[in-house]
Amino acid sequence: MFERHSGSERVLLVSINFGETDYQDSVEELHRLAESAGLSIVGLIEGKRARPDPALFAGSGKVEEIASMVNVTETGLVIFNHALSPAQERNLEQALQCRVVDRTTLILDIFASRAKSAAGILQVELAQLAHIATRLVRGWTHLERQKGGIGLRGPGETQLETDRRLLGKRVKLLKDRLVKLNQQRHIQRRARSRNRVMSISLVGYTNAGKSTLFNALTHANSYTADQLFATLDTTTRQLFLPDAGELVISDTVGFITRLPHTLVESFRATLEETIQADLLLHVVDAASPIRDKHISEVNKVLAEIGASHVPQIIILNKIDLCTSTAGMTQDEYGRIQEIHLSAQTGLGMACLRAALSAAKQAHILPTAPTQQANMVNNLYHPELD
């Protein structure tokens, strides 16, 4: 299977089906990730296995097929749609005679190219170092002997130990800088709290339209694009509603299936805007056939960062791309559950502004979600307070 896209570096994609129900969606997402990274996709190789091969992940036969495709396409990079162990990555590079990276590395690379703020840049580097730390053995096997000889006698460290020590120092420096930035954000949040300003955070799966909605609400000029992870840095703006006064709203990084744990940990400081919010607007792509899975994945990350207690309203965005109509749904207690709108066309935005005004005035906020599995086809009824 060959595909051609414009891009800088040629890449061959590899995806192995282990019987997951969402396998095809995962493959499509890998394509979008590669395109978002500006890569030129020359082909996709797929296979089926019951479990990963301990040494080569894909098995020797499949690796021979991949090697043949690498030679035919003259590709210098192979990306696996999975998390590879350091040993598997090293063995695959030796077998394929080209660079091999996994899904985690690809996502980290996209984050590194998109981060613009000081905090975002620090957090991405911290996540990359955490990932690299598990792979330090690569490339240093020939230097793992003790330093010696004239001019080389030192403290008795191997090259690998030196690398680990330097990496550890860099990680500590980054963490110290992030602590200072987090203290500044904490001071800003305390000031808003003293002024009783309601805080709202936009959350959702990547490319659900959060930044478009943010711009529509605040008349800001945040970057938007039809690509994964268009927004990495948290942006906060004031929002004034005639019936409710001033609010503060934040646009945050999007989530994705199998989001690398190192990223979740590194971005915890940024995501504290979400944890400390009074209300979450959970933006969902209404036109996506797997929007229920996206909702579930976002709620998993929210639980992981400690934000599952924050009340949320589901925003079914992009109704201009499907048959849904603008409006809102409420439960029997009058609490708003869903709002159907299109941030792109403005359809239904009046409903959202009315909902935010009601939330600010009467504190009619929904309960944090407890179950989301059947959210899409059934009205969402949260557990009562």
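Close contacts from region 314-330, counting a first residue that is more than 20 Å from residue 217 (Cβ to Cβ) and a second that is hydrophobic (A, V, I, L, M, F, W, C) and assigned to a strand (DSSP E or B), with Cβ to Cβ under 6 Å and a gap of 6+ residues or different chains, come to 330/336.
Filter region 240-250 for residues that are open to solvent by 10 Å² or more (accessible area, probe 1.4 Å) and assigned to a strand (DSSP E or B); which is modelled with the lowest pLDDT? So, considering only residues that are open to solvent by 10 Å² or more (accessible area, probe 1.4 Å) and assigned to a strand (DSSP E or B), the one modelled with the lowest pLDDT is 245. Within region 52-85, being open to solvent by 30 Å² or more (accessible area, probe 1.4 Å), part of a loop (DSSP other than H, G, I, E, B) and within 22 Å of residue 22 (Cα to Cα) holds for 52, 83.
Meeting the requirement of 1 or more residues that are open to solvent by less than 20 Å² (accessible area, probe 1.4 Å), modelled with pLDDT of 90 or more and at negative phi, the helices (runs of 4 or more DSSP H) wholly within region 251-334 are 291-304. Cβ separations smaller than 9 Å between residues 6+ apart or across chains give the following pairs from region 60-83 residues that are among the hydroxyl-bearing types (Ser, Thr, Tyr) to residues that are assigned to a helix (DSSP H, G or I): 60/95; 75/69.
Taking region 86-140 as the range and being touching a strand residue (DSSP E or B) at 6+ places or on another chain (Cβ under 8 Å), over 24 Å from residue 254 (Cβ atoms) and either open to solvent by 40 Å² or more (accessible area, probe 1.4 Å) or in a helix (DSSP H, G or I) (or both) as the test, the residues that pass are 88, 89, 92, 93, 96, 99.
Do we have residue 18 as of a type in the set (Phe, Trp, Tyr) and touching a residue at least 40 places away in the same chain (Cβ under 8 Å) here?
The answer is no for residue 18.
Beta carbons closer than 7 Å, at least 6 apart along the sequence or on distinct chains, pair a first residue in region 23-39 that is small (Gly, Ala, Ser) and part of a loop (DSSP other than H, G, I, E, B) with a second that is surrounded by fewer than 16 Cβ atoms within 10 Å (Cβ to Cβ) and at pLDDT below 90 for 38/7; 38/8.
Taken over region 149-180, the criterion of being in a helix (DSSP H, G or I), aliphatic (A, V, I, L, M) and at pLDDT below 75 is satisfied by 160 alone.
The values are calculated or read from the model by the stated rules, or taken from the named source; none is laboratory data. What you see is a predicted model; the values in this text were computed from it and never measured. Counting neighbours? That spans all protein chains shown, and the Cβs are built from the backbone with ideal geometry, glycine included. Heavy atoms of the whole protein, side chains included, go into the accessibility calculation; ligands, DNA and RNA do not. Shrake-Rupley method; radii C 1.70, N 1.55, O 1.52, S 1.80 Å.
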